[in-house]
Every structure is written in structure tokens, then in C-alpha cells.
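> Once you've had a glance at the structure underneath, I'll fire off some questions.
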Amino acid sequence: MTTPTISPTTSPESPELAAAPRAPVAMATRVPVRTPAALLVLLGVSLALIEVALWWIAARTPSDIVLGLSQKIFYFHVGSAFAMLLCLTSASFLSLADLLRPDDRADALAQSLLEVGVIFALCILTSGPLWARKAWGMYWTWEPRLTLTLLVTLLAVSVIALRAMSADSGTGRRVGAAMAVMGAPASYLIHVAVKWWGGTHPQVIQGGGIQNADMRIAFWLAVFGLLTFAAALTATRYRDLRLKQRGRAIRLNLSAHQLRQRRA
Amino acid sequence: MSHLRAALLRLTAATLLSFGPVCAAEASAPAAPPAAAAPTSANPTAAGASAPVSTSAKRDLSRYKEERVPGGTFMLAAYMVMWALVAGFVGRTLLRQAKVEAELTDLSERVDVLTGHDGDAT
């Protein structure tokens, strides 16, 4: 939850001061700044998976007869899409939870997931057109899945921008969360876009799967590698946001303490 | 947070090491004849006809040459852009984290001064 800032000029009778924690100030300084071991392990696992996937894609998977080497974009393109959809859907549910019952942890996690989701969305929106140029002869076409992905990315970017501009504002947080809730239905629509509205985007997984064993292994290695990498990035950003929230809490505590001392 | 920086360097190196030879092999391989070279009525030269090549057919052939899309370059570009995006995000996160950590250290010192404790922010 956003904590209101108390300046030394705040009225002693103000509700902000009344709401300020009365715990000893020194307790609030116990912030775990050191990087948790679990995060390092997660990062190590994701890197190992990605490196094996890269090697497998380069050395073991065959090139496509028509698309040539550009087909190899597929592995990380789809992996990024999985990561993006998972991040935005999770951010959506966490934002809903935060709207219903405000919680700092849910807010920080939703924000982290949204940011990581946008990074993977940008990965899709750049790698996809490079693949499409070879496959379709054009970089971009306004077909349903592509258009929806672009719109969802813009929505997520606008939520991040709103949060950045509104800083500690509770209203900004609530509006941002309400906008982020749209992530889950939008992700579902992206998933079913080709089935419902057609379009030129291929459906490899839903449309028969990958037949070649090496391609299948490379694909799942890339997917799991990117998902764990997304988790590691989210955890890193989450830790950063939590540290920021704690810093705010300490500042509030400090201001309240100074104000009480002045009153005394 | 040097582990994240090192991780990105490893990823970039792994991408280049994995795909470098593949792209080089593609570049040195003899170019496959374009689809337009197939003996069709639209391409009299490929069909072996001795009739003079029309201007429109010449234009078509030059277009096919221009339209040859280098798959390996596109693949490498896609991977590089992806890692660049991730690197940008990680770099920004590291900067923000350093700022927050500095702020926390400063706050801890202020609290310690206020409470008269030795204090340990970590």
C-alpha cells in the first residue's frame, strides 16, 4: 500500500501522523539488501537452460526448407510469447487482488510482472516481424493476433507510465491496477485470436505440434529457459520495488519520529 | 548485482558462438536458384527459349534478386534485438536498485544518528 509522506511541517493532529507506525525506528532499518541465494539459483538454472537451448537450436535442429535459418527465430519468439502471456495474466490477477484488498506485496509483484511482460512483448514484436519478412514477404500485417499483441503491449506500457508518473499516489495505483486487470482477458484473446477470427499467424502448437524430435527438444528448452529467466527478472525487480517500499516506510517512520520529538 | 551483468554477457556470447558458424555456413553455401528461375511461361530464359527477354521479365528477375531475404542475418538480428532489450531492462533495474540501496543506507545512517544505535542496514 502506498504510504503517505510526512514532512516535518505536517500538522501534529494529521491523520497521516496518526497512521504512522510507532515501532522503534531502528527496527525498520533491517532491510535484506543482500541478493537472496534462491534468486541466484533461479538465474543460474535459467541461463543454463537458455545456453543449452541456443546450442541445440544452432547445432541440432534442421533448417526449414522454405524459411531457411530464419525459422530458428521461432523457438525464442514463441518462448517469449509464453512468458509475456504468463506475466500479463499473473499481473492481471494480482492487480485484481490488490484492488479488492490492497497489499504492498501484490502491488510490487504485479508491477514487476507487468514490466517483465512488456520486455517479452517487445521481444515478440521485434523478432516476429523479422520472421514474417521471410515467411510472408512483409514485416507487419494488421491481422488479429498481431494487432491484439500490439494493443496489449501499449496497454501495459501505459500502466507502467502511469505508475511512474503518479509515484506514491494511491489513485494512480488504483487506476493502474484497474487497467492491468484487462491483461488476463486480453491474453486469452491473443491466445484464441487465430481460431476465432482467422489471420495469417501460424498455429504450430495448437495446429498439430512440432513433428521433428530435435525441434521439439529445442522448443521446450527455450520455453522453460525463458520462463525461468522471466521469473528471475521478475524476482529481481520485485526485490527492487520491495526495497523501495521499505525505504518509504522508513522515511515515514523517521518523519513521524522527528515530529513526535519536536512536539515533545 | 554483478551476477545479472555477467549473465547477460554470457547470453550474448552464447548466442554469437552458437549462431556465428551457422550464419557463416549459410553465407558460404551456394545460393539456391530463386523460385522465379523455374521454367515457367513467365520466365522464358529459364525455360530455355531463345526468344528475346522482355523488359517486364527483366524487371521481374531483378525484383527476385532484391527479394532474396537473408534468413541467417534476420535470425541473428532477432536474437540480438531480444538480448539488447533484456540487457536494457536489466541495466535499468541495476541502476534503480543501486539508487534504492544508496537511499536505504542513507536512511539507516539517519535512523542510527537519531536513535544512537550503531545500526546495520543489511
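The values are calculated or read from the model by the stated rules, or taken from the named source; none is laboratory data. Owing to the predicted nature of the structure, the values given are computational and were not obtained by experimental measurement. As a convention, Cβ positions derive from the backbone with ideal geometry for all residues, glycine included, and neighbour counts pool all protein chains shown.
> Scan region A:55-96 for residues that are out of contact with any Gly (no Cβ under 7 Å at 6 or more places or on another chain) and hydroxyl-bearing (Ser, Thr, Tyr) and jot them down.
A:Thr61, A:Ser63, A:Tyr75, A:Ser80, A:Ser90, A:Ser95
> It is to be established whether one or more residues within region A:59-73 are among the hydrophobic types (A, V, I, L, M, F, W, C), more than 8 Å from every other protein chain (Cβ to nearest Cβ) and within 28 Å of A:Ala156 (Cβ to Cβ).
Scanning region A:59-73 turns up no residue that is among the hydrophobic types (A, V, I, L, M, F, W, C), more than 8 Å from every other protein chain (Cβ to nearest Cβ) and within 28 Å of A:Ala156 (Cβ to Cβ).
> With A:Thr200, A:Thr228 as the choices, which residue is under 26 Å from A:Leu150 (Cα atoms) and within 16 Å of the chain's Cα centre (by Cα)?
A:Thr228
> Taking B:Arg59 as meeting all but one of (1) assigned to a helix (DSSP H, G or I); (2) modelled with pLDDT under 55, write down the number of the exception.
All conditions pass for B:Arg59, except number (2).
> Being over 17 Å from A:Trp131 (Cβ atoms) and free of Cβ contacts under 8 Å to residues at least 40 places away in the same chain is the filter here, so list the residues in region A:55-72 that pass it.
Hits for region A:55-72 are A:Trp55, A:Ala59.
So that you can scan it fast, the table gives a plain yes or no per residue for (1) at pLDDT below 95; (2) among the basic types (Lys, Arg):
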position: A:Met84; (1), (2): no, no
position: A:Ser95; (1), (2): no, no
position: A:Pro102; (1), (2): yes, no
position: A:Arg105; (1), (2): yes, yes
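> Scan region A:190-208 and give yes if some residue there is in contact with a helix residue (DSSP H, G or I) (Cβ under 9 Å, 6 or more places away or on another chain), surrounded by fewer than 23 Cβ atoms within 10 Å (Cβ to Cβ), under 26 Å from A:Glu115 (Cα atoms) and free of Cβ contacts under 8 Å to residues at least 24 places away in the same chain, otherwise no.
No, region A:190-208 has no match at all.
> Tell me which of these A:Ala231 doesn't satisfy, since it passes every other one: (1) modelled with pLDDT under 90; (2) farther than 19 Å from A:Asp103 by Cα.
Every listed condition holds for A:Ala231 apart from (1).
> Restricting to helices (runs of 4 or more DSSP H) lying wholly in region A:142-261: which have 1 or more residues that are more than 14 Å from chain B (Cβ to nearest Cβ), within 17 Å of A:Ala121 (Cβ to Cβ) and among the polar types (S, T, N, Q)?
A:144-166, A:183-197
> Does at least one position in region A:109-129 carry a residue that is in contact (Cβ under 8 Å) with a residue 60 or more places away in the chain and over 9 Å from the mean Cα position of the chain (by Cα)?
no
> Let me ask something additional. Would you confirm, using the coordinates I've provided, whether A:Leu88 is closer than 16 Å to A:Tyr188 by Cβ and either among the basic types (Lys, Arg) or under 12 Å from the mean Cα position of the chain (by Cα) (or both)?
yes
> Read through the list (1) of a type in the set (Val, Ile, Thr); (2) out of contact with any Asp or Glu (no Cβ under 9 Å at 6 or more places or on another chain); (3) at pLDDT below 95, then give the number of the only condition that A:Thr200 fails.
Every condition holds for A:Thr200 apart from (2).
> Quick one: in region A:111-135, which of the residues that are among the aliphatic types (A, V, I, L, M) and facing chain B (nearest Cβ under 7 Å) is nearest to A:Leu94 (Cα to Cα)?
For region A:111-135, the residue satisfying everything is A:Ile119.
> Answer with yes or no whether A:Ala213 is at pLDDT 85 or above, within 17 Å of A:Leu114 (Cβ to Cβ) and either hydroxyl-bearing (Ser, Thr, Tyr) or surrounded by fewer than 19 Cβ atoms within 10 Å (Cβ to Cβ) (or both).
no
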